[in-house]
Every structure is written in structure tokens, then in C-alpha cells.
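The values are calculated or read from the model by the stated rules, or taken from the named source; none is laboratory data. Small disclaimer: the values here were computed from a predicted structure and weren't measured. Cβ placement follows ideal geometry from the backbone for every residue including glycine, while neighbour counts extend to all protein chains displayed.
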Amino acid sequence: MNTTADGLEEESDPEEEMSVEIVEAALFSAGRPLSVPEIEESTGMDRREVRKGLKKLVSMYRNRRTAVEIIKVGPSYSMQLKAEFKQYALPVMEEDMEEDLLKTAAMIAYYQPVKQSELRKKLGEKVYQHVNELKEKGLILVEKTGRTYSVRTSPKFQEYFGLEAGDRDELKRLLREKERE
């Protein structure tokens, strides 16, 4: 039995609870946002079950005291730390991006869309390798523009760095704040 928000007890459906737990396991294990079709494919559940499980899971996490949240990122869902708890996790997180690569990512985010040739003038020849690495990680989008390439962040960029910005100006403001920390 579960207790509802108004204090009443309701019958719980073991199959529905299992679906919610399976979706939760998929999101936890992925370490990245997953779309409904990806969850379907990885769990063997049908679309309706996945959507129902996601809806219940999002509600459960919203209504409990926890440092973790489940959010919608474009067409996908992500399990992540709430922004106010990220500072406590940083000391134990593995650093998976070297400082120079991080600097290139920040420059792209700040000046986007920016020509790769302009980045090279500011950061040197290493920018070509950095652009390739960031592209492989899915953090940036690269588009041919004349004789050079135009570079901008991808939707995954904000999720990866824990930024919540709706537009480019908001992203720039958040990056300036992070730089001051």
C-alpha cells in the first residue's frame, strides 16, 4: 500500500512498481539522457509502459527529499544531481576533461556560434584536436561555413556541465558566474 498526498492509502500495483524500477535502473545506469525509444529498446518494455513509468518516476523524485532529480532534456530524460548539491559531489567526481579542453569548451559556449579559425587565433593549433574531442563527446555541433567551420554547443553541453540556460545570453551569464566561483 502507498500513501497518497491527502493521507489516504491506495493499492499498489506490483507490475507498475516494477516498471518504474526498471526505468529508474536504465536512467541511473546510462549516465546520460535517454529517449523513450532508447529505454524501450534497452528494457524490452513497450512505449506506454515506459511513458507511464517515467511520469511516475518524475513525480516520485519531485515529491521526495533527495539530491537527485529526473528532468526532461529535449526529447530525453536524465537522472542527475540537483544543482544545489553538485558542489558537494565535485571533490569525489572523476575529472574527465583536461583543463585546456575545458577552456576550449567554455570559449565555444561563450562566443557561439564561433568560427574554428577564430578559436585557433585565440587558443592555438590545439583547438583542432579539442574540437574533434568535444564533437566525439557530443558536446558541440560543427558545421562547414565557407573555408572554415562554425562551432556551437549541443543540447548535451548544458546537461553535461549542469547548466540550466534557455538561451545563449543566459548561458553566457551562467558561465561568467561559474568563472567567478
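Let me confirm something: among Gly44, Gly7, which residue is on the phi > 0 side of the Ramachandran plot, modelled with pLDDT of 85 or more and more than 21 Å from the chain's Cα centre (by Cα)?
Step by step, each of Gly44, Gly7 is checked, and only Gly44 is on the phi > 0 side of the Ramachandran plot, modelled with pLDDT of 85 or more and more than 21 Å from the chain's Cα centre (by Cα).
Conditions (1) modelled with pLDDT of 90 or more; (2) of a type in the set (Gly, Ala, Ser); (3) on the phi > 0 side of the Ramachandran plot, marked per residue:
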site	(1), (2), (3)
Lys122	yes, no, no
Glu143	yes, no, no
Gly146	no, yes, yes
Thr153	no, no, no
Phe161	no, no, no
Arg168	no, no, no
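Which ones in region 56-71 are under 17 Å from the mean Cα position of the chain (by Cα) and in contact (Cβ under 8 Å) with a residue 40 or more places away in the chain?
Ile70
Matching residues to (1) of a type in the set (Lys, Arg); (2) touching a Gly at 6+ places or on another chain (Cβ under 8 Å); (3) assigned to a helix (DSSP H, G or I):
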site: Glu15; (1), (2), (3): no, no, yes
site: Glu21; (1), (2), (3): no, no, yes
site: Pro37; (1), (2), (3): no, no, yes
site: Glu40; (1), (2), (3): no, no, yes
site: Met45; (1), (2), (3): no, yes, no
site: Lys56; (1), (2), (3): yes, no, yes
site: Met60; (1), (2), (3): no, no, yes
site: Thr66; (1), (2), (3): no, no, no
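Does any residue in region 22-37 that is farther than 10 Å from Val50 by Cα and not assigned by TED's automatic domain parsing to the domain that holds Leu57 come within less than 6 Å, Cβ to Cβ, of a residue that is modelled with pLDDT under 90 and among the hydroxyl-bearing types (Ser, Thr, Tyr) six or more places away or on a different chain, and which pairs are these?
Listed pairs, sorted by first residue: none to list.
Which of the residues spanning region 72-89 are under 18 Å from Glu40 (Cα atoms) and either in a strand (DSSP E or B) or aromatic (Phe, Trp, Tyr) (or both)?
If the condition is that a residue be under 18 Å from Glu40 (Cα atoms) and either in a strand (DSSP E or B) or aromatic (Phe, Trp, Tyr) (or both), then Lys72, Val73, Ser76, Tyr77, Ser78, Met79 are the ones that fit.
Just to check your reading of the model, which residue among Ser35, Ser59 is among the hydroxyl-bearing types (Ser, Thr, Tyr) and under 24 Å from Ser154 (Cβ atoms)?
Ser35
Of (1) of a type in the set (S, T, N, Q); (2) under 18 Å from the mean Cα position of the chain (by Cα); (3) assigned to a helix (DSSP H, G or I), Thr104 satisfies all except one. Which?
So the condition that Thr104 fails would be (2).
Before we move on, is Val131 in contact with a Leu (Cβ under 9 Å, 6 or more places away or on another chain), in a helix (DSSP H, G or I), crowded, with 16+ Cβ neighbours inside 10 Å and modelled with pLDDT of 90 or more?
yes
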